[in-house]
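For reference, the structure is listed below as structure tokens.
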Amino acid sequence: MNRVLTATVGGVAALATLGAGFNDTADTASAVVAAGWVIAAAGCLASGRPAVARWAGLVAVLQGAAAVWPQAVPLAIAGWLGFALALPDGGLRSLPRRIVTGLGALAGLALTLLVEVSPGGYGAAAVVAAGIGTIAIVARCGPASPRQRAALQWTGAALLLAAAAGAVIIGLHLLLGVPETPMAWLVGALVIVPVGALFGHLPPTAHVGEKALLEAVVVAGFAVMIASVYLVVVLGLGRLPAESERDLLVSSMAAALVVAILAIPVRNRLLHTARAITGRGGVPPEEILATFGARMSRAVPFDELLLQLAESLKAAMAPAGAEIWVGSDGVLQRTVSVPDLPPERITLNDRERVIVGRTRIGGPSWLAIWLPGMLPESGGLVRVAPAAHLGELLGMIVVRRPPDAPPFSENDDQVLVQLARQVGLALHNMRLDSALQASLDELRRRNEELQASRLRIVTSADAARRAIERDLHDGAQQHLVALSVKLSLAGEIIAEEPDVARAMMSELRDDVQGTIAAVRELAHGVYPPLLRNHGLDQAMRSAARRSALPCAVAVDLPRRFSEETEAAVYFCCLEAIQNAGKHAGADAAVEVEITADDKVLRFTVADDGAGFESAGEGHGFVNMRDRLGAIGGTLTVDSALGAGTTIRGEIPHA
């Protein structure tokens, strides 16, 4: 990889040498830009980015064609647009990007073959393509991964510098007439773009994409500002500079630009040197605070944010290491550490949680009392800043220095306290986001269960109606038909054979009793009158007497409950008793218990039969869950082979 970087730097240097020999022709400048794209394609291919390399190679071919045949400039512009839309990985992965790329290619081909375009038209097309490409790059930065974002930032920085260079060249030409043919220099400035695109894909430079973009913004801003200032100066003169004044004006502009560009780096270097002399080298702590606050406002993954914070702390104030601990409920884990340390956990009791959560910052003496495990074994200086929110401990920031290092200053402590507050707020917000997501998932799950439950309830209601119709047809209706036939026969023979008629009347009385029993049994299945009139106690005892197995009932309720609640308990217990009669075995026995307190009505149906595997719950259990779920209740089933079955239900009540 070092060879790739060396070759790239060499290629850029060759481009600079070639550019110095411009003969003020746009064709030569276009050839230099094409060479830049060739270098970018080779570098991307060597760095394992074949898709990006193919796009760079295509732009190099089109740019080279434009250098030989200027009529092909629109095609070259279309190639540049396609490269911008294909970033950061060289793929047109969305339909809008494919459509825009296709339209750009068609427009470029049409302008190349069918229309005579002026240089001003080329400039307008280039500006439109640059605008579309810039919008695409900015739109892609948000959802991109860190590696992809770096490639986009490098390309954006190069585009910004090229645009600033173009603005300065146009300004110089309009004010001073330098250069005499600006088009060649405007085209030549575009060589910055392939170089920047290449640096965005080289591993040694890709990771500083954000810094490159920031520096590009500064340089471009200074360049445009200085050109604007000199424009005001020229306008103030009321005339164009004379020939003898032009060289001085251009030199002073160049000197001002160099001073403006170097002012901040030189100042930072001088401050760094001063801190090194005073033993306070590294990044100023205030800068860490400002940087962390700025990063929190961006869509940076929280783990990466904490890692960057730990690295900044180590560079600024913790040469021996920085750690970030995160947790809740008194259990804290070392999440991030620089240098890397193995995971570790500490557990605090309630009193320690309160004390630590309310502490602004702690040193070795404080640690010896409340967190002795955090003290360094080999000595040294240490500071712990608890990250809390509203008194709740959510984490800690730990920074360490070697024993011979300068002590922590009051300013260091203040920065740590402010950082801990921001980390505590971020952790609190992250917990809120997680809780909200969990609530949304729970609501989604309950909605799905509700839809399925409604479908099952409708299906069950239809089945119940069919069962009632079948019971009426096969039971009570048949009894009534037989009564009708026997009554007709009795009417015919009552005068001629009174003895036979009296015997038939006795049979009719028995048939009427059987019909009444059948109707009563059917009524018990729909809604038992005992439940409506006398409550769960008598209704369940009546159901127990009809059970196929011995059934003991114990009901201890302080009062009657709503009709919906009593019906849900009754039919769930009835279903459980019937299931036991079918599956528990002939030697099993059933116990039913119904109790209530101030908040919950509970019922339990247990048998000592064969049991079953709990994972295999049938349709009856689903019906019971749906019936209880409709009024806010819950059902649990415990069973094992050979250990019987216990069904418990709970229904909250007012």
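The figures follow:
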item: Among (1) assigned to a strand (DSSP E or B); (2) under 46 Å from the mean Cα position of the chain (by Cα) - the single one E566 does not satisfy; result: (1)
item: Residue in the stretch 520-534 that is at pLDDT 70 or above, touching a Phe, Trp or Tyr at 6+ places or on another chain (Cβ under 6 Å) and part of a helix (DSSP H, G or I) present; result: yes
item: Unique residue being hydrophobic (A, V, I, L, M, F, W, C) and in contact with a strand residue (DSSP E or B) (Cβ under 6 Å, 6 or more places away or on another chain) when the list is V331, V354; result: V331
item: Members of the stretch 49-59 found to be in contact (Cβ under 8 Å) with a residue 24 or more places away in the chain and either of a type in the set (A, V, I, L, M, F, W, C) or out of contact with any His (no Cβ under 8 Å at 6 or more places or on another chain) (or both), listed by number; result: P50, A51, V52, A53, R54, W55, A56, L58, V59
item: In the stretch 626-640, residue surrounded by the most Cβ atoms within 10 Å (Cβ to Cβ) [restricted to those that are under 20 Å from E566 (Cβ atoms) and without any contact (Cβ under 8 Å) to a residue 24 or more places away in the chain]; result: T634
item: Residue check for A294: modelled with pLDDT under 90, surrounded by fewer than 17 Cβ atoms within 10 Å (Cβ to Cβ) and farther than 17 Å from P386 by Cβ; result: yes
item: Complete set of residues in the stretch 160-183 that are touching a residue at least 40 places away in the same chain (Cβ under 8 Å) and within 48 Å of the chain's Cα centre (by Cα); result: L160, L161, A163, A164, A165, A167, V168, G171, M183
item: Checklist (1) on the phi < 0 side of the Ramachandran plot; (2) exposed (fewer than 13 other Cβ atoms within 10 Å of the Cβ); (3) in a loop (DSSP other than H, G, I, E, B) applied to G379, failing item; result: (1)
item: Single condition G104 does not satisfy, out of (1) surrounded by 14 or more Cβ atoms within 10 Å (Cβ to Cβ); (2) under 22 Å from W185 (Cβ atoms); result: (2)
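The values are calculated or read from the model by the stated rules, or taken from the named source; none is laboratory data. In this text, all values refer to a predicted model and were calculated from it rather than measured experimentally. Please note: Cβ atoms are built from the backbone with ideal geometry, for glycine as well, and neighbour counts cover all protein chains shown.
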